[in-house]
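K.L.:
I am attaching a structure below and will ask some questions about it afterwards.
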Amino acid sequence: MEVSARTAVALLLALAVASGCLCGGAQGRRHRHTKHTRHNSAHARAPAQAPGPASSRRHAPPHARPVSPPAPPPSSSSGSGGAYPTPGAATEPAAGGAAAVYDVVKDFGAVGDGVADDTDAIKTAWDTACADDGDGVVLAAAGYSFLVHATVFTGPCQGSVTIQLDGTIVAPSDPDKWPANTKRNWLVFYNAHGTTLRGAGLIDGKGQKWWELPCKTDKGQGGSSGHGASCDSPVALRFFSSNNVKVQGLRVQNSPEFHFRFDGCRGVVASGLSISSPAQSPNTDGIHIENTQDVLVADTAVSNGDDCVSIGAGALNVRIENVTCGPGGHGISIGSLGKQGSRACVANVTVRNAVIRRSDNGVRIKTWQGGSGSVSGVAFENVRMDAVRNPIIIDQYYCLSRTCENATTAVLVSGVSYAGIRGTYDARSPPIHFGCSDAVPCTNITLADVKLLPAAGQAVDDPFCWNVYGSAATPTVPPVACLMDGAPGGHADKSSLKCY
C-alpha cells in the first residue's frame, strides 16, 4: 500500500508538470502571433518595448525600422575654421539605439500618387516624430509623389527629427487654389531646431503659373523687387527661427519665388543640393540668407532666374564653397541692402572655389541710397567666370526705377577682397564696376590675381570706378588704375558706421 501510494503521488506530479509545459507553450505561440496596431493619428503610440537601459528605450510606430546614419557629403576643400558648421557633423542617432522610422505611406496613410492631398499624412508624421523623445526619421520613400499644400512644421521637438525624402513632393500648381493667407510660403520649418532635411528626392514648386501672373511681367514691380502686395508668391522652403538645421542632397526646382530662405537661424548647413528654374523665372533666388549666422553652403549647383545665393541684412559668418551658378541668374549677391532708409549689417562672408556661368552678374554687392549700416569682412576667392556680364560689381546706387534720388547717407562698404578671380566676361559691360556712394565711399577694397578677358575676343574694357579706395596687390587684367589710395580725404570718419 505504501508503495502504491508513492507511485500514485509520482504519477500526479508528472501530470501536473506536463500540463504546465503544454500551457506555457501554447501561450508563447499566441504571443508571437499578436498583431501590431498601425498609426492613424498624431496621438497613436506603439506598445512599450521590453525593459532595458533608459537610453535605448524608444517609442516607435509599428513599422519602425532601425536606420543607419548617412555617409557625410563631400567635404569642402578648406578647413571650416571659426564658428562655421561643417557638412559632416550630421544626424547620427544618439548612443543607445537606432533612430525610429515614421513612414508616411505605411504608418500614416499617404497615397503618394501626386493627385490625392497628402498634407495631413506628412504633417501628422512630423508631429508624431517631433513629440517622441530621441531620434526619429520621417520617411517619404522613393517611387511616390506627394501633393502637399502650404504647411508649417513646428518645433521645438523632443528629440532630433530627420525628414528622409527619396520620393517627390509637389505643390499645387494653380495660384487660385491657394488660400489668400498662405501665398507667401509653401513649406515652413518654425522653431525646428536640430532638423535635417535630406535624401535623393525632388521638391517641385510648380511655379510656372505664378511666373505668368500679370504683376510679374514687369520685374520692376514684382519680379526682382521682392514681395509685392499684389504679387505675393510662395517661397518653397523657409526655415524660420530654427537653429542647427541641415539640408542635404535634394533636388529643388521651379519655386514660385525663392527656393530656400533661412531667416532668423543660427547654425545652417546646405550641401549637395541641385536647385533649378528657368532663366526667365522672376525672383527665384536659389538660397537666400538673412538675419542668420554661422552658415555653410557647399557642393551645390544652382541654375535659376535670379540670385544664385543672396545674402540679406543681418547675415554674419557665412561661408559659400564649391558652388556652381548658372547658366542664367544673377550670380552671388550681397543685398540689396538699405532700402527705404533701413539699417543693414552684413559681416564675415567668404565665397571660395565657385564657378559662375553665363550669368548677368558674378559676385555683387548692391545697396540702396539713403540706408545705413555696413558690409565688412568680405572675401571672394578662387572664383571662375564663364561669359559673365558683370563679373565684379559694387553698386551703391541700386534702383529698380528711374525715380531714385541721391541721398546723403548709405550703407558703408569696407574691407572687401577679390583674389583669384579669373575667366571671361560678356563685353556689353565693364568686367569690374565699383560705383560707390558720394556720401559714404567704399574703402579698403583689395584685388590680387584678377584676370578677366572678353569672351568673344574683343578688346579688354577698362574698369569703372567711382569714389572707391583700395589697392591691387598684384597686376590685374584689366588694370584697375582707377582705385584711389589711402583713406577718403575731405570726408568725416565713417568707421563708426560699422555694425560689428
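The values are calculated or read from the model by the stated rules, or taken from the named source; none is laboratory data. Just so we're clear, the structure is a prediction, and the values are computed from it rather than from any experiment. Positions of Cβ are backbone-derived with ideal geometry, glycine not excepted, and every protein chain shown enters the neighbour counts. What goes into the accessible areas is simple: the full protein's heavy atoms, side chains included, and nothing from ligands, DNA or RNA. Shrake-Rupley method; radii C 1.70, N 1.55, O 1.52, S 1.80 Å.
K.L.:
Order Asp438, Asp485, Asp263 by their accessible area, 1.4 angstrom probe, all chains in place, largest first.
P.N.:
Working: Asp438 80, Asp485 125, Asp263 15 Å².
Correct descending sequence by accessible area is Asp485, Asp438, Asp263.
K.L.:
Here is a follow-up. For Tyr469, Tyr397, Tyr500, write out the residues from largest to smallest accessible area, computed with a 1.4 angstrom probe and no ligands counted. List each step's numbers first, then the result.
P.N.:
Values: Tyr469 20, Tyr397 70, Tyr500 135 Å².
So the residues, ranked largest to smallest area, are Tyr500, Tyr397, Tyr469.
K.L.:
Let me ask something else about it. Based on the alpha-carbon gyration tensor of the stretch 394-455 and its eigenvalue square roots a ≥ b ≥ c, which shape applies: rounded if a/c is under 1.5, prolate if not and a/b is larger than b/c, or oblate? Provide the component values of the computation, followed by the final result.
P.N.:
Details: a/c = 3.99, a/b = 1.47, b/c = 2.72.
Oblate is the answer for the stretch 394-455, as a/c is 1.5 or above yet b/c matches or exceeds a/b.
K.L.:
Here's another thing I want to ask about it. Please compute, for the alpha-carbon atoms of the stretch 257-331, the extent along each of the three principal axes and give them in descending order in Å.
P.N.:
Sorted largest first, the three principal extents are 31, 22, 14 Å.
K.L.:
Taking the Cα centre of each part, how many Å lie between the stretch 415-434 and the stretch 375-408?
P.N.:
Cα centroid of the stretch 415-434 versus Cα centroid of the stretch 375-408: 10 Å apart.
K.L.:
Follow-up. Using a 1.4 Å probe on the protein heavy atoms only, what accessible surface does Lys451 show? Give it in Å² to the nearest 10.
P.N.:
Solvent-accessible area, nearest 10 Å²: 90 Å².
K.L.:
At 7 Å along the Cα-to-beta-carbon direction for both Gln340 and Asp117, put a label point, then send me their distance in nm to one decimal.
P.N.:
3.4
K.L.:
Over every pair of different alpha-carbon atoms in the stretch 319-408, take the mean of 1/r and invert it; report that Kirkwood radius in Å. Each step should come with its number before you reach the end.
P.N.:
Working: mean 1/r = 0.0726 Å⁻¹.
In the stretch 319-408 this quantity evaluates to 13.8 Å.
K.L.:
Excluding ligands and nucleic acids, what accessible area in Å² is computed for Thr154 using a 1.4 Å probe, to the nearest 10?
P.N.:
Rounded to the nearest 10, that gives 60 Å².
K.L.:
With a ≥ b ≥ c taken as the square roots of the eigenvalues of the C-alpha gyration tensor of the stretch 362-441, please select rounded if a/c is under 1.5 and otherwise prolate if a/b is larger than b/c or oblate if it is not?
P.N.:
Details: a/c = 3.11, a/b = 1.50, b/c = 2.07.
Here the stretch 362-441 falls in the oblate category.
K.L.:
Moving on. Along Cα→Cβ, 7 Å out, is where each label goes; now give me the distance between the ones at Cys482 and Lys498 in nm to one decimal.
P.N.:
It is 2.7 nm.
K.L.:
Based on C-alpha coordinates, I'd like the Rg and Dmax of the stretch 124-200, in Å.
P.N.:
Computed over the Cα atoms of the stretch 124-200, radius of gyration and Dmax are 13.4, 41 Å.
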